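Report on one structure; see the data block that follows.
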Amino acid sequence: MKTRGRATTGAAVLAALLAAPLCASALDGALSGYLPAGTYPVTDDIYVPAGETLTLAPGVVFEFEDSVWEEYEFDVEGTLLAEGTVASPIIFRAAAGVPEFNYMRLATSTSVMRHCIVQDVGSVSLSS
């Protein structure tokens, strides 16, 4: 592989691949466990069930698609641990061409959101 007239080493190629944003698999339904950094298309309603925890790594992006009949939503009945960084925030937004996703609701006080950006959403609610 050549870049700007110079040979590129295998290590340089690997570093470039690791630095590129990861396009992850689509999300729908119940979520729990750990999601590494990457962009996740949301293709239906998503939720964290009561008693479960979803941990998001810095750099996670949720892009909410929509369907002809509805906008999708994110319901957190369990615990959401979303701790981004200044350099790598966690982002919740509508996908390109979608005006907004329906809502984001945190039903318990156990969730943590730091260095997160929530945009293009109809409403956000916090309750406990």
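The values are calculated or read from the model by the stated rules, or taken from the named source; none is laboratory data. This is a predicted model, so every value here is computed, not measured. Cβ sites come from the backbone with ideal geometry, for glycine too, and all protein chains shown count toward neighbours. Protein only, heavy atoms only, side chains kept; ligands, DNA and RNA dropped before computing areas. Shrake-Rupley method; radii C 1.70, N 1.55, O 1.52, S 1.80 Å.
Tabulated data
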{"item": "Net +/- balance of residues flanking Ser111 in space, Cβ distance below 15 Å, scoring K and R +1, D and E -1", "result": "-2"}
{"item": "Neighbour net charge for Leu80 - beta-carbon separation under 14 angstrom, K R +1, D E -1", "result": "-3"}
{"item": "Shape of segment 60-125, Cα gyration tensor, a/c cut at 1.5", "result": "oblate"}
{"item": "Portion, in percent, of the accessible area of segment 34-128 that falls on carbon or sulfur, probe 1.4 Å", "result": "52 percent"}
{"item": "Two-site FRET efficiency, Ala37 against Glu70, from Cβ-Cβ distance with R₀ of 25 Å, rounded to 0.05", "result": "0.30"}
{"item": "Sites Arg105 and Glu83, calculated FRET efficiency, Cβ-Cβ separation with R0 25 Å, nearest 0.05", "result": "0.80"}
{"item": "Separation in nanometres of the label points that stand 7 Å from Cα toward Cβ, at Asp28 and Val98", "result": "1.2 nm"}
